Amino acid sequence: METKKLCVIGDPVEHSLSPVIHNAVLKQTGLPYVYGRVRVRGGETAAFLRRAAEEGYAGFNATMPHKTDLVELVDELDADAQLYRAVNTVVLRDGKIRGCNTDGRGFLQMLLEAGISPEDKTITVLGAGGAARAVVLKLAQSGARRIFVCNRTRSKAEALAKEFPTQITPCGLDEETLQDCALFSDLLVNTTPMGMHGMAARFEQLDFLAALPKGAAVCDIIYSPPETMLLARAKALGLSTLNGLGMLIYQAVFALEEFTDVKIDAQEVLPAVKAALNEAMNA
Ligand code: NAP
């Protein structure tokens, strides 16, 4: 059987873990695809799309700076890509180009697997950037009662709130606001890069975590390091914690399902993916 090509495009792209995850799943499932990485600069998205079609790619994932540009370049969008106005998965099949977004689904799957259902919950989300858009809108779609979106640039939180105004409340990121939001929250999710490996910016203080009710959960969608300062403090307070590795893995598994049109048993491939990621991240 012919082996089909897949890849991730971005700039920078050399540190992307997508090839590690996808190739681990492909090896485990025996699906006839190979997954690489291609550096594509901003402004060259349309040119890469043409090249991908000519070179017989079955599809590709997109990271910075292509996710938004792709929205206008594909023939059709799935519901999440339409809502988030961002594409992370492009499927080239039967002469058609379909743009999908699997980030929100990946995030939700990770939560559900950890025993956290957003339904009827009050949730504080820190950040209102690209990842927050997928996280917040998926939480709203999944029946969260109230979502406080706390962001440094308040106008971005306000723009996000317009999508589901009855559920989403835009807020600032100051300590007093965080305390007030935390008091009522069953779940707090960090979607800012503060605390990420290689990033200088840190939370100045984390006292707001102590305002969360007992039994609340704290999720940081950062996966490197596996335990950020935010998660370490939450754990010390006896709260349950979750990092972003599951989101990273599940968005990839869902993308592979889109590329191949084959249902993948995530539980079956998870150990191989985690082993490959461990090796890559500790290399
Ligand atoms: P982005 O679009 O650039 O958004 C960054 C957000 O963080 C913005 O809301 C920004 O606030 C805020 N922020 C950045 N630096 C800050 C600082 N020093 N103080 C306060 N707020 C700050 O980035 P993104 O694509 O959403 O990615 C955010 C994080 O999510 C990254 O760590 C990324 O690795 C992670 N992520 C994880 C996954 C996964 O699968 N686990 C997937 C996607 C992203 P302003 O609006 O005020 O600038």
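The values are calculated or read from the model by the stated rules, or taken from the named source; none is laboratory data. Since we're looking at a predicted model, the values are computed, not measured. Quick reminder, even Gly has a Cβ in these numbers, built from the backbone with ideal geometry, and neighbours come from all protein chains shown. Calculation scope for accessible area: heavy atoms of the full protein, side chains included, ligands and nucleic acids excluded. Shrake-Rupley method; radii C 1.70, N 1.55, O 1.52, S 1.80 Å.
Checking the conditions here, which among Ala144, Ala128, Ala140 is at pLDDT 95 or above and within 26 Å of Ser18 (Cα to Cα)? After applying the criteria, what remains is Ala128. Would you confirm whether any residue within the stretch 213-225 is at pLDDT 95 or above, more than 18 Å from the chain's Cα centre (by Cα) and in a helix (DSSP H, G or I)? Checked the stretch 213-225: no residue is at pLDDT 95 or above, more than 18 Å from the chain's Cα centre (by Cα) and in a helix (DSSP H, G or I). The one condition from (1) within 20 Å of the chain's Cα centre (by Cα); (2) within 9 Å of the ligand (Cβ to nearest atom) that Val136 does not meet is (2). Looking at the stretch 233-257 only, could you name the residues that are within 16 Å of the ligand (Cβ to nearest atom) and more than 30 Å from Ala211 (Cα to Cα)? Across the stretch 233-257, the qualifying residues are Ile249, Tyr250, Gln251, Ala252, Val253, Phe254, Ala255, Leu256. When the helices (runs of 4 or more DSSP H) confined to the stretch 1-116 are screened for residues that are more than 16 Å from the ligand (Cβ to nearest atom) and not basic (Lys, Arg), those reaching at least 2 such residues are found at 18-29, 45-54, 69-73, 79-84.
All conditions in (1) open to solvent by 60 Å² or more (accessible area, probe 1.4 Å); (2) of a type in the set (Ser, Thr, Tyr); (3) modelled with pLDDT of 95 or more; (4) in contact with a strand residue (DSSP E or B) (Cβ under 9 Å, 6 or more places away or on another chain) hold for Thr3, with the sole exception of (3).
Pairs linking a residue in the stretch 176-200 that is assigned to a loop (DSSP other than H, G, I, E, B) and more than 15 Å from the ligand (Cβ to nearest atom) to a residue that is open to solvent by less than 60 Å² (accessible area, probe 1.4 Å) and not small (Gly, Ala, Ser), with Cβ atoms under 7 Å and 6 or more positions apart or on different chains, are Phe184/Thr122; Ser185/Thr122; Ser185/Ile123; Ser185/Thr124; Ser185/Leu212; Asp186/Thr122; Asp186/Ile123.
Filtered by the rule that a residue be among the polar types (S, T, N, Q) and open to solvent by less than 20 Å² (accessible area, probe 1.4 Å), the stretch 91-145 gives Asn101, Thr102, Thr122, Thr124.
Take the residues in the stretch 127-160 that are assigned to a loop (DSSP other than H, G, I, E, B) and either small (Gly, Ala, Ser) or in contact (Cβ under 8 Å) with a residue 60 or more places away in the chain (or both), then tell me which one is nearest to Gly106 (Cα to Cα). This residue is Ser142. For the stretch 202-240, residues that are within 22 Å of Ser117 (Cα to Cα) and surrounded by 19 or more Cβ atoms within 10 Å (Cβ to Cβ) total 14.
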